[in-house]
Ligand code: C2E
Ligand code: MG
Ligand code: MG
């Protein structure tokens, strides 16, 4: 609430105050609401009254045909930031009301020749049919749309990201203009949202490269290009290796090693993560079964795998039965975003996995939405404290206090707490005195192959006895 702006200079629009006029519109000398309401129903978005996608497609086609290549036609693709949160937390009626206010702010900030459309969801478009400065308008819209919304007593904050494309000799078809604006929009979102980007040719090159990776990724499983490596985890008290985390590697025939941070999001987007995730589970269980000392093996599971939680559960059961691995040796790492989905099947599935004997760890804790309620919503076996609190900027800016707080919380909830990304002795002794039970990081070992785990389990746990017998 402390970022509520001064009402003299900003607009807090109540959904029922239809007359309310924005500062931007007033200062531009505009009348609120343009003539879009006279649209035929088939061309109108029922929720907001703006032109719908069909109207957008027809208009863009018409405008481009009628114009000269240098006619100054500019397209702005507008996408709200964090709108899904509003729907998830305040409910769909509030989400719908907010979309209506967004539509109104768009109209109040544009002129008659700047046509506004709602393409669906939280996606809007503005077409400058008679020239104009797309950048200036985009900057104004980013500002206007990010002002707080007062809806049914709730103050909601969303922002907007905008992609701009201009029709010219190299971009004269509706499909190209839309693609360019979309690419610019993705670029704005990637750069951190709440901003606008204008299309640049390098964006199309990057998109082509990504499409190539996508196509190769679909074949990678079949071609056997994935491997697992394992990173050991050390229990501080007993000074023994108690488990390893399985980390996926893609050896691409020409690109070399593609890091998971690059290909997992693509696999999630193209729907390949289900099959890849099953391969990871199968392979990790099979490789781990004969390791000396019976360490646990932790497997990362994508939030998207929880969308089909029956399939995920079946995959775990099958991986265990096919390999003969004891369920208590398998640990599933989930991230906070898996629990954010307000789907009770996620919790049900976690409980079913626990009933099988599988352990559940909360990964990267502290980075996402980090709600304490998540920790009491499910009895996790382990909390993995994100490496940013151990190393880097967050560590310097009081990360120790966060680590101590999470470790204390873990101790009182009966959950192990493991510090991720420990690289130095100094960091190890710090997290130890902060109360963490385990550590993982380059100090103990970089990720290693399955056969190296066998060797390491033999040597390390035999040589390294507890400090005090
Ligand atoms: P994560 O689950 O948090 O895994 C830990 C990451 O930190 C790994 O990166 C590991 O190599 C790196 N790391 C460990 N210790 C240190 C350290 O001391 N210093 C530094 N700088 N880094 C350290 P990696 O293997 O690149 O994996 C990145 C992320 O990709 C993982 O983060 C995980 O979210 C995801 N990922 C990896 N394998 C899988 C998988 O099989 N399935 C899914 N869904 N995601 C996976
Ligand atoms: Mg992990
Ligand atoms: Mg992690």
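The table below lists the values:
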| quantity | calculated |
| --- | --- |
| Criterion violated by residue 216 - all others in (1) within 26 Å of residue 281 (Cα to Cα); (2) touching a strand residue (DSSP E or B) at 6+ places or on another chain (Cβ under 6 Å) satisfied | (2) |
| Residue in region 389-397 that is within 15 Å of ligand 3 (Cβ to nearest atom), at positive phi and either out of contact with any strand residue (DSSP E or B) (no Cβ under 7 Å at 6 or more places or on another chain) or part of a strand (DSSP E or B) (or both) present | yes |
| Residues of region 264-314 satisfying the condition of being in a helix (DSSP H, G or I) and either within 30 Å of residue 461 (Cβ to Cβ) or not assigned by TED's automatic domain parsing to the domain that holds residue 343 (or both) | 277, 279, 280, 281, 282, 283, 284, 285, 286, 287, 288 |
| Conditions (1) part of a helix (DSSP H, G or I); (2) not assigned by TED's automatic domain parsing to the domain that holds residue 270; number of the one not met by residue 215 | (2) |
| Subset of region 333-346 that is surrounded by fewer than 20 Cβ atoms within 10 Å (Cβ to Cβ) and away from ligand 3 (no atom under 14 Å from the Cβ) - its residue that is nearest to residue 432 (Cα to Cα) | 340 |
| Qualifying positions in region 363-386 - in contact with a strand residue (DSSP E or B) (Cβ under 8 Å, 6 or more places away or on another chain) and within 11 Å of ligand 1 (Cβ to nearest atom) | 363, 364, 365, 384, 385, 386 |
| Residue that is nearest to residue 254 (Cα to Cα), among those in region 187-212 that are touching a strand residue (DSSP E or B) at 6+ places or on another chain (Cβ under 7 Å) and part of a helix (DSSP H, G or I) | 187 |
| Some residue of region 164-174 being under 22 Å from residue 61 (Cα atoms), free of Cβ contacts under 8 Å to residues at least 40 places away in the same chain and assigned to a helix (DSSP H, G or I) | no |
| Condition broken by residue 262, with the remaining ones in (1) touching a helix residue (DSSP H, G or I) at 6+ places or on another chain (Cβ under 8 Å); (2) surrounded by 17 or more Cβ atoms within 10 Å (Cβ to Cβ); (3) under 23 Å from residue 421 (Cα atoms) satisfied | (2) |
| Single residue of 257, 241, 234 found to be assigned to a strand (DSSP E or B), away from ligand 2 (no atom under 15 Å from the Cβ), assigned by TED's automatic domain parsing to the domain that holds residue 334 and without any contact (Cβ under 8 Å) to a residue 12 or more places away in the chain | 257 |
| All positions within region 347-361 that are surrounded by fewer than 15 Cβ atoms within 10 Å (Cβ to Cβ) and touching a residue at least 40 places away in the same chain (Cβ under 8 Å) | 356 |
| Count of region 362-388 residues which are in a loop (DSSP other than H, G, I, E, B), within 11 Å of ligand 3 (Cβ to nearest atom) and buried (at least 18 other Cβ atoms within 10 Å of the Cβ) | 2 |
| The lone exception for residue 431 - which of (1) under 18 Å from residue 237 (Cα atoms); (2) touching a helix residue (DSSP H, G or I) at 6+ places or on another chain (Cβ under 8 Å); (3) away from ligand 1 (no atom under 15 Å from the Cβ) it fails | (3) |
| Meets criteria (in contact with a helix residue (DSSP H, G or I) (Cβ under 6 Å, 6 or more places away or on another chain) and either within 16 Å of ligand 1 (Cβ to nearest atom) or closer than 15 Å to residue 245 by Cβ (or both)) for residue 312 | yes |
| Flag for residue 136 being surrounded by fewer than 23 Cβ atoms within 10 Å (Cβ to Cβ), at pLDDT 95 or above, in contact with a strand residue (DSSP E or B) (Cβ under 6 Å, 6 or more places away or on another chain) and assigned to a helix (DSSP H, G or I) | no |
| Test: residue in region 225-234 that is surrounded by fewer than 17 Cβ atoms within 10 Å (Cβ to Cβ) and more than 16 Å from ligand 1 (Cβ to nearest atom) | no |
| The one condition in (1) touching a residue at least 40 places away in the same chain (Cβ under 8 Å); (2) surrounded by fewer than 20 Cβ atoms within 10 Å (Cβ to Cβ); (3) within 13 Å of ligand 1 (Cβ to nearest atom) that residue 423 fails to fulfil | (1) |
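Results for (1) at pLDDT 95 or above; (2) within 30 Å of the chain's Cα centre (by Cα), shown as yes or no for each residue.
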{"position": "36", "(1), (2)": "no, no"}
{"position": "64", "(1), (2)": "no, no"}
{"position": "79", "(1), (2)": "yes, yes"}
{"position": "85", "(1), (2)": "no, yes"}
{"position": "103", "(1), (2)": "yes, yes"}
{"position": "123", "(1), (2)": "yes, yes"}
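Quick grid of which residues meet (1) in the same structural domain as residue 385 (by TED's automatic domain parsing); (2) crowded, with 17+ Cβ neighbours inside 10 Å; (3) more than 16 Å from ligand 2 (Cβ to nearest atom); (4) touching a residue at least 24 places away in the same chain (Cβ under 8 Å):
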| position | (1), (2), (3), (4) |
| --- | --- |
| 412 | yes, no, yes, no |
| 415 | yes, yes, no, yes |
| 433 | yes, no, yes, no |
| 444 | yes, yes, no, yes |
| 450 | yes, yes, yes, yes |
| 453 | yes, yes, yes, yes |
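The values are calculated or read from the model by the stated rules, or taken from the named source; none is laboratory data. Owing to the predicted nature of the structure, the values given are computational and were not obtained by experimental measurement. Cβ: placed from backbone, ideal geometry, glycine included. Neighbour counts: every protein chain shown.
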